[in-house]
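Only the coordinates and a few stated rules stand behind these numbers; no lab work does. Because the structure is a prediction, the values reported are computed rather than measured. Using ideal geometry, Cβ is built from the backbone for each residue, glycine included, and neighbour counts are taken over all protein chains shown.
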Amino acid sequence: MATVPTLTLNNGVQLPAIGLGVFQTPPDETTSAVESALTTGYRHIDTAAAYGNEREVGEGIRRSGVPREDVFVETKIWISDYGYDATLHGFDKSAGKLGVDQIDLLILHQALPGRFELTLDAYRALETLLTDGKVRAIGVSNFMPEHLQRLLDETDVVPAVNQIELHPYFQQKELQALHSQHGILTQAWSPIGGITSYREGGTSAFEDPTILEVAAAHGKSAAQVMLRWHIQEGRSAIPKSTKAARIAENFDVFDFELTDNEIARIDALDTGVRRGPDPEDITLEAFGRDIPEA
Ligand code: NDP
């Protein structure tokens, strides 16, 4: 079984380079997906309070027989639980559902651009959880440069990660450069371009001629080439699948290497066009929803 290489977060904590994402994984398929990933060799699972499957993630970890301390568990606080006390309680809800005492990486799922004070209070709660040892690292997701700058100016702990939309068609290179400058790890969501295939409009990265050509040259799949591209550029990637064969395929990426030229060709596929929601549009009114108790 392959051993997954790790990335070192800005507080020294080690994060496996490839993890399993479970966005849109129905609760009744989550336990088996997680169990299958861990049996394959994955040691990182990315879920979120808003995905409604934290309980099943916890169950999958327990059923796999892999010791709890060997699995890196990441989850996200939803915007409806922002505010200092609400976010502290958000930890209790997530930890309770996951069935763990400590969460490895807890991040804010979105900035609330129109309610940034509330976002800052939520982050301050993460800082408290870090000090108290309830979480091993903290971070953010979908933060744009101006959100990050304000966070850095007004809080104490530099986020360990910013989890952002990042696939060959949308690479956010300036944001990645800002991350490097501050020691924030870039974590790619839709790393194999899932959002370019399950959301209407535009080409699917799985069918991109350049990616398919590079894949053919290595006897690998498009997904494997995209994951290799992330690894070689030093990012964390969290591909999602509910299917055991694809979960295994997405982990079988440690036995080949893209050339500098191949990497440059994939870098050149950036369209600059976002496929997911614009982080500026996130409001409690439009996206708020109750996160149930554990
Ligand atoms: P991915 O890039 O991981 O792609 C997933 C899609 O590709 C699914 O439709 C899956 O279908 C399919 N797929 C998986 N593996 C293969 C393969 N080897 N060959 C062909 N098709 C494949 O997209 P996601 O948007 O799911 O992103 C991954 C993770 O990132 C999420 O699960 C979540 O953890 C996180 N995320 C975070 C967001 C945020 O706002 N912070 C937003 C979106 C995602 P199937 O399951 O049928 O195999």
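Taking Cα centre as origin and charging only the Cβ of basic (Lys, Arg, +1) and acidic (Asp, Glu, -1) residues, the dipole magnitude of the chain rounds to 500 debye. Spin-label pair Asn261-Ala294: with each label point 7 Å from Cα along the Cα-Cβ axis, the two points sit 5.5 nm from one another.
Relative to a virtual label point 7 Å from the Cα of Glu213 in the Cα→beta-carbon direction, which members of segment 252-294 show backbone nitrogen distances below 16 Å? Zone members listed by number: 259-270.
Each Lys and Arg adds +1 at its Cβ and each Asp and Glu adds -1 at its Cβ; summed about the Cα centre, segment 175-294 shows a dipole of about 240 debye. Look at the dipole of the chain built from charges on Cβ: of Phe143, Thr8, Asn250, the Cα furthest out on the positive end belongs to Asn250.
Here segment 184-250 has an Rg and Dmax of 11.9, 34 Å, counting Cα atoms alone. Considering only Ser32, Gly234, Ile18, the residue lying farthest towards the positive end of the dipole of the chain is Ser32, judged by Cα position with unit charges set on Cβ. Taking the helices alone, the chain has a mean residue ellipticity at 222 nm of -12000 deg cm²/dmol, built from -39,500 (n - 2.57) per DSSP H run of at least 4 residues and averaged over all its residues. For the chain, the share of DSSP beta bridges that are antiparallel, to the nearest 5, is 15%. The lysine pair count for the chain, using Cα distances under 30 Å and pairs eight or more places apart or on different chains, is 17. In the chain, one over the average inverse separation of all distinct C-alpha pairs is 19.1 Å, which is the Kirkwood hydrodynamic radius. With both labels modelled 7 Å from their Cα along Cα-to-Cβ, the Arg274 to Gln14 distance reads 3.6 nm. If I take all pairs of Cα atoms in segment 1-67, what percentage of them are more than 20 Å from each other? Taking all Cα-Cα pairs of segment 1-67, the fraction more than 20 Å apart is 30 percent. A Förster distance of 30 Å, applied to the separation of the beta-carbon atoms of Glu200 and Glu117, puts the FRET efficiency at 0.25.
Overall, segment 85-138 carries a charge dipole of about 160 debye about its Cα centre when +1 sits on the Cβ of Lys and Arg and -1 on the Cβ of Asp and Glu, all other atoms neutral. May I ask for the net charge around Ile263, where only other residues with Cβ less than 11 Å from the Cβ of Ile263 are counted and Lys, Arg are +1 while Asp, Glu are -1? Spelling it out: positives minus negatives among the neighbours equals -3.
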